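Everything on this sheet refers to the single structure shown next.
The values are calculated or read from the model by the stated rules, or taken from the named source; none is laboratory data. Everything quoted here is computed from the prediction, not taken from an experiment. Neighbour counts are summed over all protein chains in view; Cβ atoms, including those assigned to glycine, are modelled from backbone coordinates with ideal geometry. With ligands, DNA and RNA removed, areas are computed over all heavy atoms of the protein, side chains included. Shrake-Rupley method; radii C 1.70, N 1.55, O 1.52, S 1.80 Å.
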Amino acid sequence: MLYRKASELTVTPIEHCMGGQGTVQMERLLDAPAEMLGKGRAYVRHTLAPGVTIGKHTHEHEMESMVILKGRARHIINGQEQLLEEGDLIAAMPGDTHEIACLGEEPLVLIAQVLYE
């Protein structure tokens, strides 16, 4: 069993994440891959201030799912734009290329999980 209190999480700033704009605030929810049974490389909460983006990147031999917890986002996947809001879920499958940006005046908070193919 794993048990971790929110107060125990540390924030790691990631400047220009995947070539994006600004600084993403990342909290590791699980210590991957050990706490993911070797099946993934990330289970994190990202907070993006207004105007911050995660740049365009491709998932090779892995898939990434994201759930929007707070705020609004513009997500572009394989050239297709989607507007996301609280509760929405996306998944980039192996070979997909995507990017995400915080929209509006409220921070974007999301949970991202990256699993190996």
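Comparing T12, T47, T58 in a Gaussian network model of the chain where C-alpha atoms under 10 Å apart are linked, the largest mean-square fluctuation is found at T12. For K70, the aspartates and glutamates whose Cα falls under 14 Å of its own Cα, not counting residues fewer than eight places away in the same chain, are E85, E86, D88, E105, E106. Note on the chain: with a GNM built from Cα contacts shorter than 10 Å, the maximum mean-square fluctuation among I68, I90, I100 falls on I90.
Rolling a 1.4 angstrom probe over the chain with all protein chains present gives an accessible area of which 51% lies on carbon and sulfur atoms. Among the protein heavy atoms, those of R4 account for about 100 Å² of accessible surface (1.4 Å probe, every chain in place).
Solvent exposure of D96, expressed as accessible area, is near 30 Å², computed with a probe of 1.4 Å over the protein chains only. Summing +1 for each Lys or Arg and -1 for each Asp or Glu among the other residues whose beta-carbon sits under 12 angstrom from that of Y116 gives -2.
E60 sits with roughly 110 Å² accessible to a 1.4 Å probe, with DNA, RNA and ligands left out of the calculation.
Our coupling estimate for segment 85-99, obtained by passing each phi through the Karplus curve with A = 6.51, B = -1.76, C = 1.60 and θ = phi - 60°, is 9, 3, x, 6, 10, 10, 9, 9, 8, x, x, 6, 10, 8, 8 Hz, Gly and Pro reported as x. In vacuum, with every alpha carbon of the chain counted as one equal point scatterer, what does the Debye formula give for log10 I(q)/I(0) at q = 0.17 Å⁻¹? Two decimals, please. Here the Debye-derived log intensity ratios amount to -0.83. The residues of the chain present an accessible area of 58 Å² per residue when probed at 1.4 Å with all protein chains retained.
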